[in-house]
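Step one of this worksheet: look at the structure below.
The values are calculated or read from the model by the stated rules, or taken from the named source; none is laboratory data. Remember, predicted model here, so these are calculated numbers, not experimental data. Glycine also receives a Cβ, built like all others from the backbone with ideal geometry; neighbour counts cover every protein chain displayed. For the accessible areas, the whole protein counts, side chains as well, though only heavy atoms, and no ligand, DNA or RNA atoms are used. Shrake-Rupley method; radii C 1.70, N 1.55, O 1.52, S 1.80 Å.
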Amino acid sequence: MIRLEVLAIGRLERDAGGKTVNADSTCTMIRTDNGIIVVDPSTNYMRPMIKKSLVQAGVSFGDVSAVILTHTHSDHIQNLGLFLKAAIYVHEGEDISVEGAIIIKEEDFQLVPGVRLVHTPGHTRGSMSVFVEADRRYVIAGDAIPMENNFRKMVPPAINCDAEEALQSIKKIKRYADVIIPGHGFPFMARM
Ligand SMILES: [Zn+2]
């Protein structure tokens, strides 16, 4: 059985001029029969929240067997070093290299049954989303969908390497998802 738990809800706050003032990714845990996976370990600011959530879930950092980075922006990866026993997964399209990471080259890679890493470029060239078949179809989108509004209004992420590609990635996610966990903020229903 596969179960998702959001460990910390990340912020994305901008000032009146649209400049980002606070950014922390949402951090999600996936429990599977084949190990515990964490997606986007987020920032130092979120570390106490993540620790608390793990304690409540009865999971220690060393229990986590895989960490998936949807991409390598710093607001998604700062707690990576806490997961000492985890294999790290990054897509080959990313410009920043992560020491010791396993590089995903596929467009669609099954990590374990029910959990797929799907290339959803546009925010960065190597952005991937995690497609999870659990009680519903979940997509942990990273910044392919930074905020719910990007999905509702079909607006590509403000930071992007290719806006049209980013829009195609949002559509790819929309075709699969019942529930979307965006890069920042709360999960939301994709179908209403
Ligand atoms: Zn990002």
**Prompt:** What are the residues in region 119-134 that are within 14 Å of Ile181 (Cβ to Cβ) and touching a Lys or Arg at 6+ places or on another chain (Cβ under 9 Å), if any?
**Reply:** Thr120, Ser129, Val130, Phe131, Val132, Ala134
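Tell me, yes or no, whether region 117-127 has at least one residue that is away from the ligand (no atom under 16 Å from the Cβ) and either in a helix (DSSP H, G or I) or without any contact (Cβ under 8 Å) to a residue 60 or more places away in the chain (or both). So that I can check it myself, show each step before the final result.
First, the residues of region 117-127 that are away from the ligand (no atom under 16 Å from the Cβ): 117-118.
Imposing the further condition that a residue be either in a helix (DSSP H, G or I) or without any contact (Cβ under 8 Å) to a residue 60 or more places away in the chain (or both) reduces the set to 117-118.
Yes, some residue in region 117-127 is away from the ligand (no atom under 16 Å from the Cβ) and either in a helix (DSSP H, G or I) or without any contact (Cβ under 8 Å) to a residue 60 or more places away in the chain (or both).
From the list Ile96, Ile103, exactly one residue is within 16 Å of Leu69 (Cβ to Cβ), within 16 Å of the ligand (Cβ to nearest atom) and open to solvent by 30 Å² or more (accessible area, probe 1.4 Å). Which is it? Working first, answer last.
On the way: Ile103 fails: within 16 Å of the ligand (Cβ to nearest atom).
After ruling out the rest, the residue left standing is Ile96.
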**Considering residues of region 4-27 that are under 18 Å from Tyr138 (Cα atoms) and not in a loop (DSSP other than H, G, I, E, B) only, the residue nearest to the chain's Cα centre (by Cα)** = Cys27
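Just give me the residues in region 99-116 being out of contact with any Lys or Arg (no Cβ under 7 Å at 6 or more places or on another chain), within 23 Å of Arg31 (Cβ to Cβ) and assigned to a strand (DSSP E or B), in sequence order. Outline the logic, then answer.
Taking region 99-116 and keeping what is out of contact with any Lys or Arg (no Cβ under 7 Å at 6 or more places or on another chain), we get 99-107, 111-116.
If we keep only those that are within 23 Å of Arg31 (Cβ to Cβ) too, we end up with 101-102, 104, 111-116.
Answer for region 99-116, where residues must be out of contact with any Lys or Arg (no Cβ under 7 Å at 6 or more places or on another chain), within 23 Å of Arg31 (Cβ to Cβ) and assigned to a strand (DSSP E or B): Ile102, Ile104, Leu111, Val112, Val115, Arg116.
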**Prompt:** If you go through region 52-67 one residue at a time, do you hit one that is touching a Pro at 6+ places or on another chain (Cβ under 9 Å), under 19 Å from Leu7 (Cβ atoms) and in contact (Cβ under 8 Å) with a residue 60 or more places away in the chain?
**Reply:** no
**Complete:** When region 141-192 is checked residue by residue, the ones that are of a type in the set (Val, Ile, Thr) and assigned to a loop (DSSP other than H, G, I, E, B) are Ile145, Val155, Ile159
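Mind listing whichever residues of region 80-94 are under 17 Å from Arg31 (Cα atoms), free of Cβ contacts under 8 Å to residues at least 40 places away in the same chain and in a loop (DSSP other than H, G, I, E, B)? Full working, then the answer.
So the first thing to find is which residues in region 80-94 are under 17 Å from Arg31 (Cα atoms), and the list is 83, 85-89.
Subsequent filtering for residues that are free of Cβ contacts under 8 Å to residues at least 40 places away in the same chain retains 85, 87-89.
Lys85 - this is the single residue of region 80-94 that is under 17 Å from Arg31 (Cα atoms), free of Cβ contacts under 8 Å to residues at least 40 places away in the same chain and in a loop (DSSP other than H, G, I, E, B).
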